[in-house]
Every structure is written in C-alpha cells, then in structure tokens.
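**Q** Here it is: the structure, laid out below.
What follows is calculated from the coordinates using simple rules that are stated; it is not laboratory data. A quick note: this is a predicted structure, and the numbers were derived from the prediction, not measured. Here the Cβ positions follow ideal geometry from the backbone for every residue, glycine too, while neighbour counts run over all protein chains shown.
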C-alpha cells in the first residue's frame, strides 16, 4: 500500500440536460478529517450524500469541497405576484402622488420588488434524481483524482523520509563509534575528574568518591538512547513500506526520536559527540516537519 500525502487538488466538471456543474476538491494537512463542503441552495440532498462519500474515502486532512451548478438555458418564467400588485394599486388609490410627481406607470409598478418574480422552471422528480445521480458520480471521479494527487505527493515524501531516516541511522552509528565512547577515553576522563577531586584527599571519603564516579559513568552512557534511536528508525522504515494512513504513528515515532536525541545531547560530555547530537536534532526536526503532511 502506498503512502499518501494530505495535500492534493482535483477538479471535475460535467453537464446533464440544461445544467452544467463542477466539483473542486482541495486538501491540506490536519490532525483529523476536517471537511468543509459548499453546494448551491437546492442541492441539500447532494450535500449529505457527498459528505458520506468523502468521509468514506479520506482518513485525514482539511478538505474543502465546492460544488458549482448552474442552468445554461434561458427558460426562465416571469411569475406575477397578484396580491402584491393589488396591494400596491390600493395604496396608490388611497393616497395619490403629489402634483409634481407623474402618475404611476405599468412598467414602474412591475419593477417594484416582489411584484414580479423571475423563476426557473422546476425539475420533475425523475429529472432531479438523474441530475443528482450524475453529480454524485462526478464526485467519485473527483475523489479518484484527489486521491491520485495525494498518492503522488505521498510517494515523493516517502523518498524524502527514507533519506532522513538513513541520515539519522548514520549519525547514530557515528555517535556509537565516537572516540569519547571508547572504554579508554571513558577511563581517562574519570581519572582526570577523580584526580581533581582528590587533590584535597582529607576532605573527601574515597569510597564515596568512587561511588559518585561510577554513577557519573552510568549517567553519561548513551547506549540506551542509541538502541532506542535504532529501534525507532527501524519501526518508521517499516511503516513507510507498509503504507496506508500511518501519519499519526510516524508523527509519534518522530517525537520519540526527538526525545532520545535530546537526552543524548544532555548526557554528552564531549564536543564531538555533542556536534553529532546537534546534527541529529536537525535531521529529526526536518523529519517531523515532513511527517506532518502524511495521511
């Protein structure tokens, strides 16, 4: 299964009878599925079914779905609102206009809002059902195109993430092989610290000093952090291979990689090891930024 991004775009348009319509779908990253759908006023039933279709095929992302539909023919009907016209004529009869104002004309009366309504002919139930069926079929096509767009973006991101994980694994191996981690270097460092502490031997308990030295050695050891870094890199690599909606798990692993890297830097007592730790932090942060776009 491929890795999918949450970023994508698709547009599909069509026509049926006298209607032309178009679906436009856009998506970006989000923690869950955040769907905003806009449709013309007379397409409420389409909107409900469209939401169900989109939710069934997309797991995550901030999705904006727009349906535009309009009638191309000019078969509009002028409908006279007779009660409104009668009320207007009655009002004029009760109170004639001033002498300096001309008498009301028919075109002036008909231009009053509400006297004449321009409406489109209503569709029959069969025509409405056929129109909605075709519009929802076009939504399926738009979703196919959007998912293909997200898939292409996801495949490109997968390549970037693999390079980041390879770089993190390489830096962890460098940290493991750092001269400061060799037994001789550790012993030499401890001897120097003990020598400084024992300059005034009378003021210290030698047994206590050796205990503290042993504790320092344990606290400075980064073996556990390196093992966890390796395990997290392996888990993330497997998720990239498995594909599917793995963005949340990858984000969790990126956080854990950051946690182990921070601990490694905190334990480091060598400038070379610290430099490797800082490079690790940069790689992990860039990995996490990219992971935010994975579905």
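**Q** Using a 10 Å cut-off on Cβ atoms, rank the peptides 238-249, 136-147 from the highest mean neighbour count down.
**A** 136-147, 238-249
**Q** Let me check against my output: what whole-number percent is the relative contact order of the stretch 11-59, with C-alpha pairs under 8 Å and at least 6 apart?
**A** About 26 percent, as a whole number.
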